[in-house]
Amino acid sequence: PHPTPEAMHRLPLSARLAVGSAVLLSLLFFSSSRGFCPGGRLPSVVRTVHRQAFHQHEEQQQPKRRSMATAFSAAVVTLALVGARPAFAATKKPPKPMIAKDKNFQPVEVSSWALSSKGQPDMVLGLREDPYFLLPGKDGGALRNVALRAECTHLGCLVNWSKVAKKFVCPCHGSEYDEQGSVLKGPAPRSLSLAHVELTDTQKVRLVAWTEEDFRDGSQPWWMVAR
């Protein structure tokens, strides 16, 4: 007689597979000589034994497959992140040089700026069309060779120049900066950002990204640390 499914379930997987194969071979031999399996269909007990053995085998393999899939996914994500870092770093490039523009979006010429500013810092559009302060020159010069980005380093409000106090003041949270943009009063964490100032052949004012250490506090240029 064939073993019952209940008895087969108590056997180890390898034993069940061996018994099932032996039963299958014997039944195939018997059916070929006696016509036991009409139409070639195996008895239900054999089908049950093999089905149970197959399902148990699949259940044993599932944790291994899940573990391998998890490891593979983690490796793919890690490689993607590592590969993305150089691309992300490469996007931190200095802004392109730009001709300063006045409030009417016209190019700033040094002679006209010196007349209109009357010896006081004056706001223009500079790098990336962000607001910058051009600074009056010293010792008779019309214009200093550095400009100050007008965004407060606390939360980005635009600072104003106080002609009376001779300092830059943030209207949002009260931060203050001296004439060269160094912090006088917080909560601003660092000085106003710098840009180089050059003159073109036609005496237009051109701003160029600051790529060196900040001479006031040793910090990196804003575009290198900006998010």
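The values are calculated or read from the model by the stated rules, or taken from the named source; none is laboratory data. Source: prediction; values computed, not measured. For neighbour counting, all protein chains shown are included, and Cβ atoms are generated from backbone atoms with ideal geometry for every residue, glycine included. Side chains included, ligands, DNA and RNA excluded: accessible areas come from the protein's heavy atoms. Shrake-Rupley method; radii C 1.70, N 1.55, O 1.52, S 1.80 Å.
The residues of region 96-227 have, on average, 56 Å² of accessible surface per residue, using a 1.4 Å probe with all protein chains present. Using a probe radius of 1.4 angstrom, the carbon and sulfur fraction of the accessible surface of region 150-190 is 52%. Distance between the 7 Å Cα→Cβ label points at ASP178 and LYS138: 1.0 nm. Working note: Cα gyration tensor of region 95-156, eigenvalues times five, square-rooted, sorted largest first, giving semi-axes of 19, 14, 10 Å. Here, region 88-199 is characterised by an Rg to Rh ratio of 0.97, where Rg is the alpha-carbon radius of gyration and Rh the Kirkwood radius. Size of region 185-227 from its Cα atoms: along the principal axes, largest to smallest, the extents are 41, 22, 20 Å. Note on region 145-191: along the principal axes its Cα atoms extend 26, 23, 16 Å, ordered by decreasing extent. Within the same chain, lysines fewer than 8 places from LYS118 are excluded, and of the rest, those with a Cα less than 22 Å from its Cα are LYS101, LYS103, LYS138, LYS163, LYS166, LYS167, LYS204.
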